[in-house]
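A.B. asks: Quick one: the structure is below, and I'll ask about it shortly.
The values are calculated or read from the model by the stated rules, or taken from the named source; none is laboratory data. These numbers were taken from a predicted model, which means no experiment stands behind them. Note that each Cβ is placed from the backbone with ideal geometry, even for glycine, and that neighbours are counted across all protein chains shown.
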Amino acid sequence: MKIAGEYVFNGPREAVWALVRDPDVLATALPGTQSLNRLSENEYEGEMHVRVGPVAGVFSGRIVVSDEVPPESYTLSVEGKGAPGFAKGTGHVQLMDQGDGTTLMKYEGEVQIGGKIASVGQRLLDTASKSMIRQGLEALNRALEARVAKAEGQEVECKPPSEAEFAAAVAKDMAGEVLSSSRVIRIAVAVAIVVVIVAVILTSRGGG
């Protein structure tokens, strides 16, 4: 399974780089994050409580950061697992200064998925993962705007999404698919595993 895309942040590259290294901000961008711990200079582990439709549970993941070029890019390796299955993969994130006070993030990665979730269709996994990534990046951008405004002496309210809002938005994005009830349950399980992979893109703190 391939994951790729881009997003424009409304702030300078250095501020974006600092933001994706703030575990408190990252935890609010991905509702349900229970822990994000540093094991060594470039290795981290975390747990998330995920609720998507009828499926809920704690999923764990381990992240290794390499090839850092602050504040431009880094490479990631990840392993995630939960009761329904497991996933492992690598990804690369690049931050590009747009010259107008904004920053373009480009990300790409490839993930191998196994266990019960392997029977879920590629298209549905793509829809779910894109929805989660979009929501996470939008939450980070709102946090960035609030941080930049505060540095300029202004106050901007930044309200992170709740777990319920996060799950509801994913369900809305998937509403166009015609699914049986058993299919919905299998997809919900798969989505929970994909959350761990999405965390690779959003929760790496690098060596800082």
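A.B. asks: Restricting to the range 98-114, name every residue that is within 21 Å of Pro12 (Cα to Cα) and assigned to a strand (DSSP E or B).
C.D. replies: Matches in the range 98-114: Thr103, Leu104, Met105, Lys106, Tyr107.
A.B. asks: Looking only at the range 74-124, which residues are touching a helix residue (DSSP H, G or I) at 6+ places or on another chain (Cβ under 7 Å), among the charged types (D, E, K, R) and either more than 30 Å from Glu152 (Cβ to Cβ) or at pLDDT below 80 (or both)?
C.D. replies: Correct list: Lys116 only.
Residue-by-condition table, conditions (1) surrounded by fewer than 19 Cβ atoms within 10 Å (Cβ to Cβ); (2) modelled with pLDDT under 75; (3) under 21 Å from Thr90 (Cβ atoms):
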residue	(1), (2), (3)
Ala143	no, no, no
Ala151	yes, no, no
Glu155	yes, no, no
Ala171	yes, yes, no
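A.B. asks: While we're on this one: Specify the residue that is farthest from Arg134 (Cα to Cα); the eligible residues are those in the range 157-169 that are among the acidic types (Asp, Glu) and modelled with pLDDT of 70 or more.
C.D. replies: As a first pass, look at the range 157-169 and keep what is among the acidic types (Asp, Glu): 157, 163, 165.
From what's left, modelled with pLDDT of 70 or more: 157, 165.
Numbers: Glu157: 20, Glu165: 13 Å.
The extreme case among them is Glu157.
A.B. asks: Moving on. Out of the residues in the range 57-94 meeting the condition of being out of contact with any Leu (no Cβ under 7 Å at 6 or more places or on another chain) and part of a loop (DSSP other than H, G, I, E, B), tell me which one is farthest from Gly109 (Cα to Cα).
C.D. replies: Top of the filtered list is Ala83.
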